[in-house]
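Undergrad: Okay, handing you the structure first.
The values are calculated or read from the model by the stated rules, or taken from the named source; none is laboratory data. Treat the numbers as computed from the prediction; the structure is a model and nothing was measured. Note that each Cβ is placed from the backbone with ideal geometry, even for glycine, and that neighbours are counted across all protein chains shown.
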Amino acid sequence: MPVRQLPEGIVNRIAAGEVVERPAAVVKELVENAIDAGATRIDVLTGGGGRRLIRVADDGAGMTRADLALCVERHATSKLAGEDLLDIRTLGFRGEALPSIGAVASLTITTRHADEPHAWALTVDAGDEGETMPAALARGTRVEVEDLFYATPARLKFLKSDRAEGSAIVDVVKRLCLAHPTIAFSLADDEAGTRSYAAQAFGEAGLLARIGDVMGRDFADNALALDVSRNGVRLFGFAGLPTFHKATAASQFLFVNGRPIRDRLVLGALRGAYADVMPRDRHPAVALFIELDPHEVDVNVHPAKTEVRFRDSALVRGLIVSAIRDAIARAAPTTATTIGTATISAFRAPMGRGAPARGWDWRHSPARPGTAGFAEAGQAAFAQAPFGQATFAMDIAPGADARAAAVAPEPEDLDQPLGAARAQVHGTYILAQTRDGLVIVDQHAAHERLVYERLKRQMAEAGIGRQALLIPIVVELDPADAARLLTRADDLERFGLVIEGFGPGAVVVRETPALLGDVDAEALTRDLAEHLAEWDTTDPLERRLLSVAATMACHGSVRAGRLLKPAEMNALLREMEATPGSAQCNHGRPTSVSLSLGDIERLFGRR
């Protein structure tokens, strides 16, 4: 078959397939054009998930009649001053979006420039370009796209439901709202109603207000502010506390020079930053902005412009990881406010089957203070309270292990973030009193994090000290597990665990980490063998070594059921306050729950 030149209409439809793969992509291109035009307000209206109607109106600079006629031609753009494709200072620059949209839909552009006596309108219907005609418009530009993909019916088959396509449009608008908080946005849908985002003041306060509007007040209340620079690269924004995690990555908003991105390098840096403070199956919530010289980043690597390539990727990754880790360290031992709210909600949970859906109110219960059923009802209520993913029970009457009640709290301890220890219940949970509330600490989870951080610190400084076993311990294992352990013997020795082969399917443990004290070497070895079997060989070595440290820390921590003296409990609280990442254990579960005095008073009907 001979080589031939494709017709212009086919070329435009091919380009449309790259740039306009779904209605959300159309909204993204049109809104970015409005932002580049200097708009202070952008209104988006959609119908049928965007396939029936998309209308984007702005109050930007508008276009002259000549510019309007030229903007629907391929590779015509006002956003590239010269020929340097690395000097990109706008959101759009390819000049393909409008002609691509016009090739597969009915496109109408109405615009008015300040130098024109009136507005002008132009329609492109499935690639057929009409004449520019006089129109009525006060200022700016209004773009309407009707019957998307009607000129290429095959592409309609690949669109999802109206609801799914509408959700994708909402996500696009949210990301652009976050990137440009000084611009007012509205998004209206014929089914979902209208969402409005008021323009915010320039600066951190305005950005946080817009983040609260887009991501919710819970994120704004549990976010850590970042603003660091290194070698011409600035990173700023907000990163959620490790205990404020999500089931999906939908709450990760990332931007480079004001451009929303979904870049694998940045996403990988996020995973690394939260690696040892969050469960592996959970995702952090962040709104992070990277600013750098346009020549240091290539935004021309993908038609949709959602991926970028950094000239110095190691610098960007290192900046993200170190900034987030430093912020988490400074925030210790703060946990997410949503944990306390969930705990209060659990205390108000229905008291058994058939209970009212809105929970238990002691004022309308036969188990009122002073009645025989009060202690039993209170015990049942506490037994339903979740702690992370587990539950705990607590007796109303003081138990034999409530050791700190007889000791008056030191005033200076009450002013500390975790307060003064007042009791230990069930040999597992420490109750601490602050000036304005109550803190419940899981002693095992908390000490596990402390031991883990000590192991990391010793590893970084002078290596982990070892203690020789008087009688080496032989551990019988599955041959495959034993082989995996012996393959990693050098790595384990760096953490103070010295093992050797002892025949088929067995290893002998000769030394253990001194920091762990009198540890069950056999149980530790078996756990490590299981964890090594689950290692992802693509993970960086550092992450795999941290997994070893986390397993060792679990075995070297204070176990549930061990009774602590008041001084020991307070020492644990003070060390938590001084230790990075102490708000969560090595597995990402919270180590403490804080309840304000106001929450407790509302729980008992005092407010």
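Undergrad: Could you look through segment 405-420, keep only residues that are over 31 Å from the mean Cα position of the chain (by Cα) and not acidic (D, E), and pick out the one that is surrounded by the most Cβ atoms within 10 Å (Cβ to Cβ)?
TA: A420
Undergrad: Please go through segment 324-337 and pick out each residue that is buried (at least 16 other Cβ atoms within 10 Å of the Cβ) and farther than 24 Å from L176 by Cα.
TA: R325, A327, I328, A331, A332, P333, T334, T335, A336, T337, listed by residue number.
Undergrad: Check A250, A275, A287, A314 and return the single one that is more than 30 Å from V451 (Cβ to Cβ), assigned to a loop (DSSP other than H, G, I, E, B) and among the small types (G, A, S). First the steps, then the outcome.
TA: On the way: A275 fails: more than 30 Å from V451 (Cβ to Cβ); A287 fails: assigned to a loop (DSSP other than H, G, I, E, B); A314 fails: assigned to a loop (DSSP other than H, G, I, E, B).
When all the criteria are applied, what remains is A250.
Undergrad: For segment 294-316, does any single residue satisfy the condition of being surrounded by 19 or more Cβ atoms within 10 Å (Cβ to Cβ) and under 12 Å from the mean Cα position of the chain (by Cα)?
TA: Taking segment 294-316 as the starting set, the residues that turn out to be surrounded by 19 or more Cβ atoms within 10 Å (Cβ to Cβ) are 297, 299, 305, 308, 310, 316.
From what's left, under 12 Å from the mean Cα position of the chain (by Cα): none.
So far as segment 294-316 goes, no, none of its residues is surrounded by 19 or more Cβ atoms within 10 Å (Cβ to Cβ) and under 12 Å from the mean Cα position of the chain (by Cα).
Undergrad: Going by the structure shown, is V143 among the β-branched types (V, I, T), under 17 Å from R55 (Cβ atoms) and surrounded by fewer than 22 Cβ atoms within 10 Å (Cβ to Cβ)? Give the steps one after another, and end with the answer.
TA: On the way: among the β-branched types (V, I, T): yes; under 17 Å from R55 (Cβ atoms): yes; surrounded by fewer than 22 Cβ atoms within 10 Å (Cβ to Cβ): no.
Considered against the rule, which asks whether it is among the β-branched types (V, I, T), under 17 Å from R55 (Cβ atoms) and surrounded by fewer than 22 Cβ atoms within 10 Å (Cβ to Cβ), V143 comes out as no.
Undergrad: Just to verify a result, which residue in segment 269-289, among those that are without any contact (Cβ under 8 Å) to a residue 60 or more places away in the chain and touching a Lys or Arg at 6+ places or on another chain (Cβ under 7 Å), is surrounded by the fewest Cβ atoms within 10 Å (Cβ to Cβ)?
TA: Restricting to residues being without any contact (Cβ under 8 Å) to a residue 60 or more places away in the chain and touching a Lys or Arg at 6+ places or on another chain (Cβ under 7 Å), the top hit is H283.
Undergrad: Additional query: Filter segment 560-607 down to the residues that are part of a helix (DSSP H, G or I) and either farther than 14 Å from A420 by Cβ or free of Cβ contacts under 8 Å to residues at least 12 places away in the same chain (or both) and list them by number. Please lay out each step first, then the result.
TA: Filtering segment 560-607 for residues part of a helix (DSSP H, G or I) gives 566-578, 597-603.
Scanning segment 560-607 gives A567, E568, A571, E575, A578, L597, G598, D599, I600, E601, R602, L603.
Undergrad: Among the residues of segment 476-511, count how many are assigned to a helix (DSSP H, G or I) and touching a strand residue (DSSP E or B) at 6+ places or on another chain (Cβ under 7 Å). Steps first, answer last, please.
TA: Keep residues of segment 476-511 that are assigned to a helix (DSSP H, G or I), which gives 479-487, 489-494.
Cutting the leftovers down to touching a strand residue (DSSP E or B) at 6+ places or on another chain (Cβ under 7 Å) gives us 482, 485-486, 489, 492.
Counting residues in segment 476-511 that are assigned to a helix (DSSP H, G or I) and touching a strand residue (DSSP E or B) at 6+ places or on another chain (Cβ under 7 Å) gives 5.
Undergrad: Across segment 409-464, what is the number of residues that are in a strand (DSSP E or B), farther than 15 Å from L563 by Cα and not small (G, A, S)? Steps first, please.
TA: Taking segment 409-464 first, the residues in a strand (DSSP E or B) are 420-425, 429-434, 437-442.
Applying the additional criterion that residues be farther than 15 Å from L563 by Cα yields 420, 432-434, 437-440.
So of that shortlist, the ones also not small (G, A, S) come out as 433-434, 438-440.
Matching residues across segment 409-464 total 5.
Undergrad: Checking the condition farther than 24 Å from T64 by Cβ, buried (at least 16 other Cβ atoms within 10 Å of the Cβ) and among the polar types (S, T, N, Q), which residue from S196, S186 passes?
TA: Details: S196 fails: buried (at least 16 other Cβ atoms within 10 Å of the Cβ).
Unique residue meeting the criteria: S186.
Undergrad: Here's something else I'd like to know. Taking only segment 47-70 into account, find how many residues are part of a strand (DSSP E or B) and either on the phi > 0 side of the Ramachandran plot or of a type in the set (D, E, K, R) (or both).
TA: Restricting attention to segment 47-70, the residues satisfying the condition of being part of a strand (DSSP E or B) are 47, 53-58.
Going one step further and asking which of them are either on the phi > 0 side of the Ramachandran plot or of a type in the set (D, E, K, R) (or both), we end up with 55, 58.
Here the count works out to 2.
Undergrad: Please note which helices (runs of 4 or more DSSP H) are completely contained in segment 106-219 and include at least 1 residues that are on the phi < 0 side of the Ramachandran plot and not assigned by TED's automatic domain parsing to the domain that holds V27. If you could, list the steps in order and put the result at the bottom.
TA: Numbers: elements: 153-156, 162-179, 204-215.
Passing ranges, in order: 204-215.
Undergrad: If we keep just the residues of segment 203-240 that are among the polar types (S, T, N, Q) and touching a residue at least 60 places away in the same chain (Cβ under 8 Å), which is farthest from F253 (Cα to Cα)? Break it down stepwise before answering.
TA: First, the residues of segment 203-240 that are among the polar types (S, T, N, Q): 222, 229, 231.
Those left that are additionally touching a residue at least 60 places away in the same chain (Cβ under 8 Å): 222, 231.
Working: N222: 16, N231: 23 Å.
Here the answer is N231.
Undergrad: Could you list all residues from segment 465-475 that are part of a loop (DSSP other than H, G, I, E, B) and more than 28 Å from C585 (Cα to Cα)? I'd like the intermediate steps shown before the answer.
TA: First, pick out the residues of segment 465-475 that are part of a loop (DSSP other than H, G, I, E, B): 465.
Answer for segment 465-475, where residues must be part of a loop (DSSP other than H, G, I, E, B) and more than 28 Å from C585 (Cα to Cα): there is none.
Undergrad: Across segment 421-447, which residue is farthest from M569 (Cα to Cα) among those that are within 28 Å of the chain's Cα centre (by Cα) and among the small types (G, A, S)?
TA: A445
Undergrad: Among the residues of segment 253-268, how many are in a strand (DSSP E or B), touching a residue at least 40 places away in the same chain (Cβ under 8 Å) and touching a strand residue (DSSP E or B) at 6+ places or on another chain (Cβ under 6 Å)? Full working, then the answer.
TA: Taking segment 253-268 first, the residues in a strand (DSSP E or B) are 253-256, 259-261.
Okay, now just the ones that are also touching a residue at least 40 places away in the same chain (Cβ under 8 Å), so 253, 255-256, 259-261.
Filter again for touching a strand residue (DSSP E or B) at 6+ places or on another chain (Cβ under 6 Å), leaving 253, 255-256, 261.
The number of residues fulfilling the criteria is 4.
Undergrad: When the residues of segment 478-487 are narrowed to those that are surrounded by 18 or more Cβ atoms within 10 Å (Cβ to Cβ) and out of contact with any Pro (no Cβ under 9 Å at 6 or more places or on another chain), which ends up nearest to V451 (Cα to Cα)? Show your work before the answer.
TA: If we filter segment 478-487 for residues that are surrounded by 18 or more Cβ atoms within 10 Å (Cβ to Cβ), which is where we start, we get 481-482, 484-485.
Restricting the remaining residues to those that are out of contact with any Pro (no Cβ under 9 Å at 6 or more places or on another chain) gives 481, 484-485.
Details: D481: 26, R484: 25, L485: 22 Å.
Filtering first and then ranking leaves L485.
Undergrad: Another question, then. Looking for something under 27 Å from the mean Cα position of the chain (by Cα), of a type outside the set (A, V, I, L, M, F, W, C) and over 28 Å from A69 (Cβ atoms) - is there at least one such residue anywhere in segment 149-160?
TA: First pass over segment 149-160, keeping only residues under 27 Å from the mean Cα position of the chain (by Cα): 160.
With the extra rule that they be of a type outside the set (A, V, I, L, M, F, W, C), the set shrinks to 160.
Adding the requirement that they be over 28 Å from A69 (Cβ atoms) leaves 160.
So far as segment 149-160 goes, yes, one or more of its residues are under 27 Å from the mean Cα position of the chain (by Cα), of a type outside the set (A, V, I, L, M, F, W, C) and over 28 Å from A69 (Cβ atoms).
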